[in-house]
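**Q** This is the structure, below, for whatever I ask next.
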Amino acid sequence: MSVAIWTATCIGIDIPCYITQHCSSIQTLTLSCGSRNIVGSAANDILKVYHENNNLTQLIIQHAGLQNGGHLVVAATLRYCTKLEYIKLSCDINDEHVLPMVEALRGHSSLVEFNLGRNRIGNVGCDALATLLRDPNNNVQYLDLSFNQIGDDGAIAIANSLANNSKLRVLYLHQNPFKVGVSNAYMRSLCDTSSLNSTYSSNHTLYHL
């Protein structure tokens, strides 16, 4: 089956909602909004269409403003689009924004790649993401948190969530302001040498950190 790809650049373009309602075959959607706020733009109308059309498997939203509840529009889209396998969000997302997005994805077993690089996610956002990684229904294999604002506590929260995670294979954390010593928390999760049983039960899935 062919995959329809629609890239919409929402800069000064009025895309009538009735057009998007006929795009039932689209599985990959890329929205590049030129820093315009999602609320009040064509991007808002486009995303709402996919609250009823659950065919999306890939969603990319970049250069979009999330003021005035824009992050809730994105979260609602994530909640309704339960077949998403790949998500990339580069929208200046902060801790407040990421919380409802994580809640929206809870229980979604199809998601494999989650790219949140180049945002403003900090320790609180990492706490939320850690709950997602601990969820037994989670199947995320690739998580990109590079170029954010993650400190020691956030990085450690992610590390601790890997203790019983057998799905994540690739984790990017570079260009975040946590200390080098935090790497010890990852070493303990990946290879706990305190006892033979601890070594055996350590995380042996993650191969790229």
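**Q** According to a simple spin-label model (label point 7 Å from Cα along Cα-to-Cβ), what is the distance in nm between residue 25 and residue 187?
**A** Reported label-point gap for residue 187 and residue 25 is 5.5 nm.
**Q** Using 0.36 nm per residue of separation minus the Cα-Cα distance, give me the extension gain between residue 169 and residue 205 in nm, one decimal.
**A** On the way: separation 36, 0.36 × 36 = 12.96 nm, distance 0.57 nm.
Difference between extended and current length: 12.4 nm.
**Q** Can you work out the Karplus-derived ³J(HN,Hα) for every residue in region 78-90? Use 6.51 cos²θ - 1.76 cosθ + 1.60 with θ = phi - 60°, whole Hz, and x for glycine or proline.
**A** 5, 5, 7, 8, 7, 9, 4, 10, 9, 10, 10, 10, 10
**Q** Here is a follow-up. Sequence neighbours fewer than 8 away in the same chain don't count; with that in mind, list the lysines whose C-alpha is under 20 Å from residue 88.
**A** Partners within reach: 48, 167.
**Q** If you don't mind, another one. Measure off 7 Å from each Cα along the Cα-to-Cβ vector at residue 152 and residue 82, then give the distance between these two points in nanometres to one decimal.
**A** 4.3 nm
**Q** Moving on. Which order do the peptides 177-184, 64-71, 131-138 take when ranked by the mean count of other beta-carbon atoms within 10 Å per residue, highest first? Numbers along the way, then the final one.
**A** Working: 177-184: 12.4, 64-71: 19.4, 131-138: 16.4.
Going by the mean number of other Cβ atoms within 10 Å, highest first, we get 64-71, 131-138, 177-184.
Here, each number is a calculation from the coordinates, and none is a lab measurement. The structure displayed is predicted, hence computed values, not measured ones. So basically every Cβ, Gly included, is an ideal-geometry build from the backbone, and we count neighbours across all protein chains shown.
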